[in-house]
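Report on the structure given below.
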Amino acid sequence: MQIHNGELYWPTTYAREEHTNPAIAPFYDVVIVGGGMSGMLTAHALVEEGLKVALLDKRKPGEGSSAANTGILQYSNDIMLHQLMKQIGERDAVRFYQMCYKAIQELEEMAQLLPDQADFIKRPSGYFASKKRDMKKLQKEYEALKQYGFPCEILTEEEVWTKFGVKKAGAIITYEDAEINPYKFVVGLSERLKQQGLHIFENTILNIIEENKDDFTLHTIEGIIKTKRLVYTTGYEKVPFGKVKGANIRRTYAIVTNKIPDLHPWFERALLWETARPYFYLRTTVDNRIIAGGLDEGKAKPPKNPKHLNEKAEQLLNVLKDMLPQHDLEAEFIYGASFGESKDNLPFIGEHPDHRGHYYMLGYGGNGTVYSLIGSRIIADLIMERPNDDAHIVATHRKYGVK
């Protein structure tokens, strides 16, 4: 499945090393299928456990969904904390938000070991009220976040104008969020993990999974691979085994602007999003560009028609110009991409409920990178047969899960 069309920005920011697929080992403790953000973070967690791990990717690592990733890291999610409390209960909802908060800290520690620190920068987030009536739920969300110790504040219309130069009814500012270059992170991490013994097989399609009594035989273009466990980190593409329930694949659009000499006023170059669904988001880059995205549609495949893509880009650019009229803005990169959402707003992480040895790390939702870090820790615990008190929140056997 082609998951993005157009001209991507992130791959222009980092030159990857040359790679030759290794000789296949006689046996692997784990084989990971998919070399994007979730695959590489899972590989990192398992290599740290001392396991012999192989990773298969039908492209090159980082060139799938990760190349079109927003690079926005937040502890808040598409579903607000007070809404998630009603859905899964107060204890689990708060715990899930705490997991997201901690995941950003762990991603920072990992980024510090990579080239350019993968452009990881701590940023606040501005969550705007799209309409005046949305302030009621923003106030409720602020009270829930504050009650459980999440760093945040609420802004009035006047304060939003002073900090951002944008006319909105109000906003929540959350602190300790971050931005990252997802392509630099995935490719940089892959190069580091190869040095630590990870076997990466690029341009390698998994054709057949043969289940034996105690292990699996995988048939690929590179040859036969034997393993005891499989982890599917295939992003928004079809999983090789099983079926994901309660998942919707949609498509979204993004532009990356020309370099802007002065981004004032923009409070701490915060990550910006809004209460409307689908929402419009903004962030900046280290070379002073603006990334803007949104205009989500119900179709799964990204548009092939350049005219349609350009029309969407023009809409995004016009919204951006209305918000920031002081800047001379042009769209230098334009693309459309597929992304996945789950009906209960949670990722799919864990072992198949009926088939041992098949594990899933599918970070569906607007917070996929954060989910991938959380999932990598859960998968490592499950494979190492350690207890994990949080695994049930995102387990595959729930109503919306894997069958």
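Nothing in this text is a laboratory measurement; each read-out follows from the coordinates by a stated rule. These numbers were taken from a predicted model, which means no experiment stands behind them. A quick note on method: Cβ atoms are made from the backbone with ideal geometry, for glycine too, and the neighbour counts reach across all protein chains shown.
Taking just the alpha carbons, could you work out the radius of gyration and Dmax for region 325-398, both in angstroms?
Over region 325-398's Cα set, Rg and Dmax evaluate to 17.2, 58 Å.
Rank the residues 257, 12 as a footprinting-exposure proxy: fewest other Cβ atoms within 10 Å of their Cβ go first.
The most exposed by this proxy come first: 12, 257.
Run the dipole for the chain about the Cα centre, Lys and Arg Cβ at +1, Asp and Glu Cβ at -1, nothing else charged, and hand back the magnitude in debye, nearest 20.
1220
Kirkwood hydrodynamic radius, computed over distinct alpha-carbon pairs, for region 357-403: how many Å, to one decimal?
11.2
Just 212, 288, 310 to compare: in a GNM of the chain, with alpha carbon springs under 10 Å, which one fluctuates most?
Its mean-square fluctuation being the largest, the pick is 212.
If you consider only alpha-carbon coordinates, what radius of gyration and Dmax does region 240-386 have, in Å?
So, for region 240-386, Rg and Dmax equal 18.7, 58 Å respectively.
Among DSSP bridges having both ends in the chain, what percentage is antiparallel? Round to the nearest 5.
Rounded to the nearest five, the antiparallel share is 75 percent.
Please compute the Cα-Cα pair-distance distribution of region 39-196 with 10 Å bins starting at 0, giving whole percents from short to long.
All Cα pairs considered, the percentages come to 10, 31, 30, 21, 8, 1.
Using the structure shown, list the pairs from 102/238; 184/321; 146/259; 86/132; 245/301; 167/259 with a Cα-Cα distance above 26 Å, or answer none.
Where the Cα-Cα span goes over 26 Å, the pairs concerned are 102/238; 184/321; 146/259.
Compute the long axis of helix 182-195 from its Cα atoms, compare it with the longest principal axis of the Cα atoms of the chain, and write down the angle in degrees, 0 to 90, nearest 10.
Orientation of helix 182-195: about 30 degrees from the principal axis.
Find the eigenvalues of the gyration tensor of the Cα atoms of region 1-83, then list the square roots of 5 times those eigenvalues as equivalent ellipsoid semi-axes, largest first, in whole angstrom.
So the equivalent ellipsoid measures 27, 21, 11 Å along its semi-axes.
Along region 116-132, what does the Karplus equation 6.51 cos²θ - 1.76 cosθ + 1.60 (θ = phi - 60°) give for ³J(HN,Hα), rounded to whole Hz, x for Gly and Pro?
Listing the rounded values in order: 6, 6, 6, 6, 6, 9, 5, 9, x, 10, x, 9, 7, 7, 5, 10, 4 Hz.
Give me the one-decimal nm value for the distance between modelled label points at residue 248 and residue 27, 7 Å along each residue's Cα-to-Cβ direction.
The modelled label-to-label distance comes out at 4.6 nm.
Taking the dipole about the Cα centre of the chain, with the C-beta of Lys and Arg at +1 and of Asp and Glu at -1, give me whichever of 178, 196, 291 is farthest to the positive side.
Highest projection toward the positive end goes to 291.
Any idea how far apart residue 288 and residue 2 come out in nm if each label point goes 7 Å out from Cα toward Cβ?
3.6
In whole Å, what is the distance between the alpha-carbon centres of region 134-153 and region 93-111?
Going from one Cα centre to the other spans 18 Å.
How big is D, in µm² s⁻¹, for region 237-305 by Stokes-Einstein at 25 °C and 0.890 mPa s if Rh is the Kirkwood radius over C-alpha pairs?
Stokes-Einstein gives a translational diffusion coefficient of 167 µm²/s.
Could you calculate the FRET efficiency of residue 332 with residue 146 from 1/(1 + (r/R0)^6), where r is the beta carbon distance between them and R0 is 41 Å, rounded to 0.05?
Computed FRET efficiency for residue 332 and residue 146: 0.55.
Reachable aspartates and glutamates from residue 312, Cα under 13 Å, same-chain residues fewer than 8 places away excluded?
Qualifying aspartates and glutamates at Cα under 13 Å: 296, 297.
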